[in-house]
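The values are calculated or read from the model by the stated rules, or taken from the named source; none is laboratory data. If you're wondering where the values come from, they're calculated on a predicted model, not measured in any experiment. A quick note on method: Cβ atoms are made from the backbone with ideal geometry, for glycine too, and the neighbour counts reach across all protein chains shown.
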Amino acid sequence: MKKEEIIVIKTSLELLETMEEGLVYIKGKLNELKTEETINVLLDLTNAFASIEQSINPILLKLEKNDMPIKTDVLRDALDVMIKEYENTKGQRAVEIMQFTLEPAFKNWKREVEETLRPYIVS
């Protein structure tokens, strides 16, 4: 693994933690029925996901087969469902989507990213 790739992995793993904090924030505000306060954080979360995905894809192509593509697609779809919910109904079903779709998809994707990439930075 090249030094640049190790830096990408470390940065991506750190960004995962920030994404998780954002998800916790969104969930808390949704539970308080403050949907409007979550929109910018949701967009940041979506941008962070896209950034990680774009950054690690070249690395993943070199690794053994894993479930990353499937988990990535599931999270992308979950983010899309949540964003469409905000656009179409101002987030009326956002709590439900967070609990049953977005949060589980994020946790599964995060676990897969960590399990797949962390071994390359632990020495």
Checklist line | Residues that are among the hydroxyl-bearing types (Ser, Thr, Tyr) and over 18 Å from Glu103 (Cβ atoms), drawn from region 1-57 | finding: Thr11, Ser12, Ser51, Ser55
Next item on the list: Those residues that are surrounded by 16 or more Cβ atoms within 10 Å (Cβ to Cβ) and without any contact (Cβ under 8 Å) to a residue 40 or more places away in the chain, I need them from region 1-24; list them, please.
Entry: Leu15, Gly22
Next item on the list: Give just the number: which of (1) under 18 Å from Lys110 (Cα atoms); (2) outside any helix (DSSP H, G or I); (3) of a type in the set (D, E, K, R) does Glu21 not satisfy?
Entry: (2)
Next item on the list: Just name the residue that is surrounded by the most Cβ atoms within 10 Å (Cβ to Cβ) out of those in region 81-108 that are charged (D, E, K, R) and modelled with pLDDT under 95.
Entry: Glu85
Note to self: Test of understanding: among Ala78, Ala48, Ala94, which residue is in contact with a helix residue (DSSP H, G or I) (Cβ under 7 Å, 6 or more places away or on another chain), touching a residue at least 12 places away in the same chain (Cβ under 8 Å) and under 19 Å from Val8 (Cβ atoms)?
What the structure shows: Ala48
Note to self: Given the criterion under 30 Å from Met1 (Cα atoms), of a type outside the set (A, V, I, L, M, F, W, C) and out of contact with any Gly (no Cβ under 6 Å at 6 or more places or on another chain), identify the matching residue among Glu53, Glu36, Glu32.
What the structure shows: Glu53
Notebook entry, point to check: Applying the selection to region 109-123, what residues are closer than 20 Å to Leu23 by Cα and either among the basic types (Lys, Arg) or surrounded by fewer than 12 Cβ atoms within 10 Å (Cβ to Cβ) (or both)?
Noted result: Lys110, Arg111
Next item on the list: Read through the list (1) surrounded by 14 or more Cβ atoms within 10 Å (Cβ to Cβ); (2) of a type outside the set (S, T, N, Q); (3) part of a loop (DSSP other than H, G, I, E, B), then give the number of the only condition that Phe49 fails.
Entry: (3)
Next item on the list: Could you grab me the full set of residues in region 73-123 that are in a helix (DSSP H, G or I) and touching an Asp or Glu at 6+ places or on another chain (Cβ under 6 Å)?
Entry: Ala94, Ile97, Glu112
